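Since the structure comes first, as structure tokens, the remarks are kept for the end.
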Amino acid sequence: MNEQIPLLLDVQDLSVSFPGSRGPVRILEGVSFSLRAGEVLALVGETGCGKSVTAKTILNLIPRLTCERDGLVQFEGRNLLNLSNKELLAYRGRRISMVFQNPQSSINPVFTLGEQLKRLIRKHLVDEIDSLRHSEEISLRQAVHRLAREKLLEVGLTDVERLFKSYPHQISGGMAQRYRIATALLGSPEILIADEATSALDVTVQAHILNLLKNLCRQKGTAILFITHDLGIAAQICDRVAVMYAGRILETAPTVELFENPLHPYTRGLLKAVPRLGQKTRLEQIPGIIPDLANPPGGCRFHPRCAHRLVRCEREKPARCSVGVEHRVACHLYPAEARGEHNQAVEAAVSRGADG
Ligand code: SF4
């Protein structure tokens, strides 16, 4: 993604902790990433690494009294973390929208799909309704109905008159997710946060929804923060990937660069664990388990599972350093830019570690 395109969202040093019986549980620690207009960024990591907490914190969806937060979530020069719930109404759904993993549970079960969609159209598409009424000389009701039909057809839903009369439990997961995408994009938001938006769907439906999301957002110029545990999905639709582990971002790079030249030992481990067509050898796995965030390991949080760890890894938190165009990594093996060393020296260090 072109670095000249201005930043839309800039998350800096975001930390979130929840109270626990053994002291605060630091779910996020120093999370930093940015999103440019029209860009698709994947936030990838294992379940429990803090991806969804990151998404919810951006929109202030976690009640303030239940957690401690620190850092910046900068959108149009304002820190969203400091805004009141009333001020946030101008952003949620309008400027920044969200699609969740289980679409049926995020649609109101007591109203029909038609009632809910038409209410949203009246709220978000005032100009479109007016222009349609004047150009076609139709009533408000007819204009809203016409726009509702268009929005459902746009996301590939058919038989819309029947859908208008249906309740969320009467439609399939794939249809519900298409409906949620239609409602999430109604206000033409600048950012869409898709939190495991395709994880609960069949593989074929998943592919359709991914293409739909990518095409619609490209047409409307909407940037996507795509949260997933699936590296295959990240490879399919994202421009850049940020790899997250135990509440920290370990590596960020353009998608092709990350898959061709992964540097962090955790990213390398994740990629080796992805099955490939025709593979004859056993899949490799990362030894150990994800740490208890109530009592995380000191220094690099990945060090108990890392085959390349150095003595300093147990006590010093690695800083993020730049190792290429938009490629950043937080690992003591890569102080390349800070010490002015050539990347090949870094590669050699990793190869030595892998061999021995
Ligand atoms: Fe491994 Fe050390 Fe790098 Fe952490 S900082 S990933 S322990 S080499």
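Brief remarks on what is shown
- Amide H partners (placed H, <5 Å) of VAL25, local residues excluded: PHE18, GLY20
- 3J(HN,Hα) along region 116-131, derived from phi through the Karplus expression 6.51 cos²θ - 1.76 cosθ + 1.60 where θ = phi - 60°, amounts to 5, 5, 5, 5, 5, 5, 4, 7, 9, 10, 4, 5, 5, 4, 4, 5 Hz, with x in place of Gly and Pro.
- Per-residue ellipticity at 222 nm, computed for the chain from helices alone with -39500 (n - 2.57) per DSSP H run of at least four residues, works out to -10000 deg cm²/dmol.
- For the chain, the convex hull spanned by the alpha carbon atoms encloses 166 Å³ per residue.
- Length-normalised contact order of the chain in % [C-alpha pairs under 8 Å, at least 6 apart]: 19
- With all protein chains modelled, accessible area of LYS165 [1.4 Å, Å²]: 150
- 1.4 Å probe accessible area per residue over the chain, in Å²: 49
- Estimated FRET transfer efficiency when R0 is 45 angstrom, pair LEU72-VAL311 (beta carbons, to 0.05): 0.85
- With R₀ set to 45 Å, the beta-carbon distance separating PHE259 from TYR167 gives a calculated FRET efficiency near 0.60.
- Cα pair count fraction exceeding 23 Å, expressed as % - region 19-101: 24
- Ranked order, GLU76, GLU29, GLU87 - accessible area, probe 1.4 Å, largest first: GLU76, GLU87, GLU29
- Summarising the amide proton neighbourhood of MET98: residues at separation of 5 or more, or on other chains, whose placed amide H is nearer than 5 Å comprise GLY93, ILE193.
- Cross-link pairs LYS51/LYS280; LYS56/LYS86; LYS86/LYS123; LYS123/LYS220; LYS118/LYS165 - those with Cα-Cα distance over 21 Å: LYS51/LYS280
- In the chain, the DSSP beta bridges split such that about 60 percent are antiparallel, to the nearest 5.
- For region 88-137, convex hull volume per residue from C-alpha positions, Å³: 104
- As a fraction of the 1.4 Å probe accessible area of region 159-198, surface on carbon and sulfur atoms comes out at 50 percent.
- Residue-level accessible surface for LYS272, protein heavy atoms, 1.4 Å, Å²: 100
- Tensor-based shape of region 62-104 (alpha-carbon gyration tensor, a/c under 1.5 rounded, otherwise prolate or oblate): oblate
- The alpha carbon radius of gyration of region 218-268, expressed as a multiple of 2.2 N^0.38 Å, is 1.18.
- Solvent-accessible area of ASP10 with every protein chain in place, 1.4 Å probe, in Å² to the nearest 10: 40
- The distance from the alpha carbon centre of region 156-234 to that of region 294-331 is 35 Å, rounded to a whole number.
- Mean-position separation - Cα centroids, region 236-256 and region 21-75, in angstrom: 14
The values are calculated or read from the model by the stated rules, or taken from the named source; none is laboratory data. Being a predicted model, the structure only gives us computed values, none of them experimental. Don't worry about glycine lacking a Cβ; one is built from the backbone with ideal geometry, like all the others, and counts go over all protein chains shown. Note: areas computed on protein heavy atoms with side chains; ligands, DNA, RNA excluded. Shrake-Rupley method; radii C 1.70, N 1.55, O 1.52, S 1.80 Å.
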